[in-house]
1. Note down all Cβ pairs under 8 Å where the first residue falls in region B:92-115 and is without any contact (Cβ under 8 Å) to a residue 40 or more places away in the chain and at the interface with chain A (Cβ under 8 Å from one of its Cβ atoms), the second is hydrophobic (A, V, I, L, M, F, W, C) and assigned to a loop (DSSP other than H, G, I, E, B), and they're at least six residues apart or on different chains.
2. Take the residues in region A:90-115 that are within 19 Å of the chain's Cα centre (by Cα) and more than 11 Å from chain B (Cβ to nearest Cβ), then tell me which one is farthest from A:Ile155 (Cα to Cα).
3. For residues that are among the basic types (Lys, Arg) and within 20 Å of A:Phe82 (Cα to Cα), scanning just region A:134-174, find the one that is surrounded by the most Cβ atoms within 10 Å (Cβ to Cβ).
4. Where residues in region A:189-215 are without any contact (Cβ under 8 Å) to a residue 12 or more places away in the chain and of a type in the set (S, T, N, Q), which of them is nearest to A:Val89 (Cα to Cα)?
5. What are the pairs with Cβ atoms under 6 angstrom where one residue, in region A:337-351, is of a type in the set (Lys, Arg) and the other, located anywhere, is in a loop (DSSP other than H, G, I, E, B) and surrounded by 12 or more Cβ atoms within 10 Å (Cβ to Cβ)? Sequence gap at least six, or different chains.
6. Just checking, which of A:Ala318, A:Ala303, A:Ala328, A:Ala297 is buried (at least 19 other Cβ atoms within 10 Å of the Cβ), under 30 Å from A:Glu250 (Cβ atoms), within 27 Å of the chain's Cα centre (by Cα) and touching a residue at least 40 places away in the same chain (Cβ under 8 Å)?
7. Does A:Thr224 qualify as being within 12 Å of another protein chain (Cβ to nearest Cβ), surrounded by fewer than 21 Cβ atoms within 10 Å (Cβ to Cβ) and among the β-branched types (Val, Ile, Thr)?
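The values are calculated or read from the model by the stated rules, or taken from the named source; none is laboratory data. Just so it is clear, the model here is predicted, and its values are computed rather than measured. Note: ideal-geometry Cβ built from the backbone for every residue, glycine included; neighbour counts use all protein chains shown.
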Amino acid sequence: MKTVNNKSLILTCLSVILLTSVSPTIAYPPDNAAVLYYKAFLILQEPSVDVKKMMTDLRYGMIKPNDEIRQYLQDNRHAIEFAETAAGVRDCDWGYDISKGFDVMLPELSKIRMTAFLLTAKAQTLAEEGDYKAALGKCLTIHRMARHLGDRMLISYLVGNSLNGLANNRIGEILSGMPDDDETLVWLKNQLYEITSRANTLKAAMNSEREVAFQQIRKENIGTILDSLGDGTDGMSKDDIEKIRNGDEEFFRASREYYSNYVTSVQLALDLPYPQSHQQLKALSEKAEKQAADNPAAILSAALWPAVTRICTLDVKAGTHFNALKTAIDVYIARAKTGRLPETLPAGLPRDLFSGKDFEYEKTRDGFILRCQGKDLDKDEIFQYDFKVTK
Amino acid sequence: MKPVKNIEEFVKLEKPHVKTGGAMDERTLNDSFAVMDETIRAGKPNAAGIILRSRAAKLAAAAVILVGFGLLMVYRNPPMPQQPPQTEIVAKSPAEMLTAMSLNMAWRRGGIEAVDEQSSKAFKMLESKPAKASIQELLLELNGV
């Protein structure tokens, strides 16, 4: 009995030793998705001018997938594979050196957009071939890539939002051409809820941006600030530039404090319903611009912050698009179960964030429309989402 | 004689040909002296003539004419308001075009399309080309075959 126990103990120990010594060397994928994304970017082939145009036309629904596009996708299959594996990894650390302030490099933003364009083209070719679930899977990969861009920088967050919009447009198109498939619809719905539950937030992005700005708004970084503002100093006077150039430690301390308070006010305004939030953000923005004339500490905040009302609107638009898709999926599920579109929207569905109300639901000759009840106050436009059904 | 009117007429008619500067000032001064000397030579001993015999008085009178002329020019050709300073857009390296601040500014200018465009330019400048090196190719290179 004792010998048996000893043997078991030795075997267990050996197993533990083997597992701990061998597993790290064969662990794949790595813990950090960025490693795989960078691999994908290294082997990503730039399309020729003609193919690039075809890819754009395909995205806008002007053409169907053709041989050139299929060949381009085939040439980039390894890049797509790396990106898909990366998207499945939980964490992604791009290696930002925040101590550099706004000088931190973000070359991945462009490359990840290009990879997302590849994925949407791949999704369209798969849908064309009738493999709808795989096509939807490519779109979900884009959503995961958007999450991986993170909220460490405001611009990363905004690019992530644009990726979400890209993926949601494709999902809407795929749903419009997909035959009734209850199982795939439920799967898609669960995936979308899971993705949005872990989505990046604008508030977090603003907190990070404040952290970065604190590194940047310092006397020693004055040259970098002025060089960077050279790209878009709309409304910045010579006087303002001189005030920044001649700013002492107290000027930069006061500027940081003003910036921080400004971000806090913006974040509080974001908690309000969209119309009030938009109004308050507009007032805050105008106040900062006016104060910059008398209060030097306001100059940098007014110059460094993008239009907060537009950012807020884009955020609401992105959230509303997700909600429209979730609502549409429920409509499609109802149709898959009953064979016809419901007369009214099922209860308890996500809302239009522009108005805080349910979407307006309208059956059309070849599908249905989900219409917002509130408008984009920047563009004075009401969004609606058209969905078709297969006969 | 209506000197002010004459000067106004002169400015109105001759303005396109007049270039102010040291030479013009000297010419005006000399003309003034010539007219004064002529008056004195004509032997008209009036009060003005007596006063203008001294060189200091001549200079003062000429200065008054010059100042008047200058004021007229300024009045008729007010200086253009100073243009707001344009912050020079310096040529940036591709790496600088891909910083958070530079991309933020691109977004402010034209949204995601401007970010795409700027990044695309940066990568074009870098001549970023896809690496096609497979393990086999790398091994071949390392082995020098």
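1. Taking only residues 6 or more apart or on different chains, the pairs are B:Leu98/A:Leu106; B:Thr99/A:Val104; B:Thr99/A:Leu106; B:Ala100/A:Val104; B:Ala100/A:Leu106; B:Ala100/A:Met153; B:Leu103/A:Leu106; B:Arg108/A:Ala307.
2. Result: A:Arg90.
3. Going through region A:134-174, the residues among the basic types (Lys, Arg) turn out to be A:138, A:144, A:147, A:152, A:170.
Add one more test, that the residue is within 20 Å of A:Phe82 (Cα to Cα), and what stays is A:138, A:144, A:147.
Working: A:Lys138: 27, A:Arg144: 22, A:Arg147: 20.
My answer is A:Lys138.
4. A:Ser197
5. A:Arg351/A:Asp358
6. Just a single option satisfies the conditions, and that option is A:Ala303.
7. yes
Table: residues versus (1) acidic (Asp, Glu); (2) under 25 Å from B:Ala122 (Cβ atoms); (3) in the same structural domain as A:Ile225 (by TED's automatic domain parsing).
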| position | (1), (2), (3) |
| --- | --- |
| A:Ala83 | no, yes, no |
| A:Gly88 | no, no, no |
| A:Gly95 | no, yes, no |
| A:Glu108 | yes, yes, no |
| A:Phe117 | no, yes, no |
| A:Ala121 | no, yes, no |
| A:Glu128 | yes, no, no |
| A:Tyr132 | no, no, no |
| A:Ala135 | no, no, no |
